[in-house]
Amino acid sequence: MGKPVNLNRFRKEKARAGNKARADENAVTFGRSKAEKDLDRARAEKARRDLDGHEHEDGREE
């Protein structure tokens, strides 16, 4: 007969592994410096301005 398994320990280890995976994903998504965020914001604003500048006078886009 095999060694008894503590199901509570197994459940908690599985939860920890899931939390660690989610934390790693969040670190990639949200773990950016202020300079990187500002640069992305500036690039998005410039792209929006460039797109607005290409609109036709009667509201149609070219």
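Helices in the chain, meaning DSSP H runs of at least 4 residues, each add -39500 (n - 2.57). Divided by all residues, the mean residue ellipticity at 222 nm is -25000 deg cm²/dmol. Helix 34-53 axis versus longest C-alpha principal axis of the chain: approximately 40°, rounded to the nearest ten.
Against the chain, whose longest principal axis is taken from its Cα atoms, helix 7-30 shows a tilt of about 20°.
Taken over the chain, lysine pairs spaced eight or more positions apart, or on distinct chains, with alpha carbons under 23 Å apart number 5.
None of the figures in this text is laboratory data; all of them are computed from the coordinates on show. All values reported here derive from a predicted model rather than from experimental measurement.
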